[in-house]
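Some notes on the structure that comes next.
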Amino acid sequence: MFQTLYSCFWWERLWLPENLTWADLEDRDGRVYAKASDLYVTLPLAFLFLIVRHLFETYVATPLAGLLNVKEKIRLKATPNAVLEKFYAATTKHPKQADVEMLSKKSGCTVRQVERWFRRRRNQDRPSLLKKFREASWRFTFYLLAFIAGMAVIVDKPWFYDLREVWKGYPIQSMLPSQYWYYMIELSFYWSLLFSIASDVKRKDFKEQIIHHVATIILISFSWFANYIRAGTLIMALHDSSDYLLESAKMFNYAGWRNTCNNIFIVFAAVFIVTRLVILPFWIMHCTVVYPLELYPAFFGYYFFNFMMVVLQSLHIFWAYLIIRMAQKFITGKARGGPGNGSGLPALWVVEDERSDREETDNSEEEEEAAAKNGPLSNGHPVLNNNHRKTD
């Protein structure tokens, strides 16, 4: 049965155009072709990335955070309470009003004390500013290096300037060593992101992030199997062109460098919209949808590859919507915290991150000062500004 499934999975008509077989892609006469077995190396490389990431965050990102004066906010801890803790862990972190009243009776606390306890308990589970900075530093470093490497791989190739060259001689296109390593490193990195996503900072688009990582892994792997390497390198470099800008904006945002953050974010937004909403659909996807049909009839691999491209493009539209919402809040005067930098550009530091899991506050300045001096306050302290939430 296993052999039957294996044969069906690797049936040439799924992966290759008509009249071509895997034998046509065997290495010969000094020409080397992509093989599925090449991708086995990406799994151990992914775990190596996790080790390198840990070392980077410990010995590079953490000292860098200190140099940039990234400081942690004082968080008021929830007073230990077995009844509330059990409900928090087993039922929900966001109790409804009826649940709050029920818990008030069981725990012997007032309704206001229960509400405050859940706010503080949720804040305890939220990632620290240092954790966010370290993650952003790691992704910034990889995306920047990957973009530079990607450009070095494709900038001198004819298909970088003429997209019809992407399909010239397809699929009998020899693989270059630079293309091999570019693919292995990119795929390994996305595997590492998928492995670590449960422990990374979670945002509102957590599910979309999982879909993005899975779609990217499938797309990179499939393009390798089907020898769509030229198109694949273009797509990967295009994605890396804006990602490092976003991560650097986050780093400066966490460090409090407001003007620098604002300016980088504007550049990121422009590059993101141009590359993901213009170049990708109207140049790259046109190249993968239209040009192949001039050379061979459509086959399963053609439809599957372009379907995954549509999935990625849908995610790009979703994230572009979040970016536009941030800009709209500033334009309509709903941004909080102060004016912009005088240039008319959105002040990113005062606009709520649409993807953030924001920290809740229930304390006044006096309460924070008391917490700094005396430690966590008891549940009996008055609640102020219950509905106010600071930006992430």
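The test for being in the same structural domain as Ile220 (by the TED database) and part of a helix (DSSP H, G or I) holds for Ser37. For Thr91, the test of being open to solvent by 70 Å² or more (accessible area, probe 1.4 Å), hydroxyl-bearing (Ser, Thr, Tyr) and free of Cβ contacts under 8 Å to residues at least 12 places away in the same chain is passed.
One residue stands out in segment 20-48 among those that are of a type in the set (Gly, Ala, Ser) and touching a residue at least 60 places away in the same chain (Cβ under 8 Å): the one that is farthest from Ala298 (Cα to Cα), namely Ala46.
Counting only helices (runs of 4 or more DSSP H) that sit wholly inside segment 46-136, those with at least 2 residues that are of a type in the set (A, V, I, L, M), out of contact with any strand residue (DSSP E or B) (no Cβ under 8 Å at 6 or more places or on another chain) and closer than 30 Å to His213 by Cα are 62-67, 82-90.
For segment 276-296, the criterion of being at pLDDT 90 or above and outside any helix (DSSP H, G or I) is satisfied by at least one residue. The condition of being open to solvent by 80 Å² or more (accessible area, probe 1.4 Å) and over 28 Å from Leu293 (Cα atoms) holds for only one of Phe47, Phe9, that being Phe47. Ile172 meets the conditions (1) within 24 Å of Leu293 (Cα to Cα); (2) open to solvent by less than 30 Å² (accessible area, probe 1.4 Å) in every case but one. The failed one is (2). Considering only residues of segment 252-273 that are aliphatic (A, V, I, L, M) and open to solvent by less than 20 Å² (accessible area, probe 1.4 Å), which is farthest from Tyr296 (Cα to Cα)? Taking the candidates together, the pick is Ala255.
For segment 207-224, the count of residues that are buried (at least 20 other Cβ atoms within 10 Å of the Cβ), in contact with a Leu (Cβ under 9 Å, 6 or more places away or on another chain), in contact (Cβ under 8 Å) with a residue 40 or more places away in the chain and over 28 Å from Arg126 (Cα atoms) is nonzero.
Among the candidates Phe142, Phe147, the residue that is assigned by the TED database to the domain that holds Phe265, open to solvent by 40 Å² or more (accessible area, probe 1.4 Å) and within 28 Å of Leu68 (Cβ to Cβ) is uniquely Phe147. Residue pairs whose Cβ atoms lie under 6 Å apart, sitting 6 or more positions apart in sequence or on different chains, and linking a residue in segment 49-73 that is among the charged types (D, E, K, R) to a partner that is modelled with pLDDT under 95 and not in a loop (DSSP other than H, G, I, E, B), are Glu57/Arg134; Glu72/Leu129.
Screening Ala152 with (1) part of a helix (DSSP H, G or I); (2) over 12 Å from the mean Cα position of the chain (by Cα); (3) surrounded by 19 or more Cβ atoms within 10 Å (Cβ to Cβ); (4) of a type in the set (A, V, I, L, M) gives one miss only, at (3). Taking the numbered list (1) open to solvent by less than 90 Å² (accessible area, probe 1.4 Å); (2) in a helix (DSSP H, G or I); (3) within 30 Å of Asn306 (Cα to Cα); (4) touching a residue at least 24 places away in the same chain (Cβ under 8 Å) in turn, Pro17 passes all entries but (2).
The values are calculated or read from the model by the stated rules, or taken from the named source; none is laboratory data. Bear in mind the structure is a predicted one, so any value in this text is a computation, not a measurement. In this analysis, Cβ positions are derived from the backbone assuming ideal geometry, glycine residues included, and neighbour counts consider all displayed protein chains. Protein only, heavy atoms only, side chains kept; ligands, DNA and RNA dropped before computing areas. Shrake-Rupley method; radii C 1.70, N 1.55, O 1.52, S 1.80 Å.
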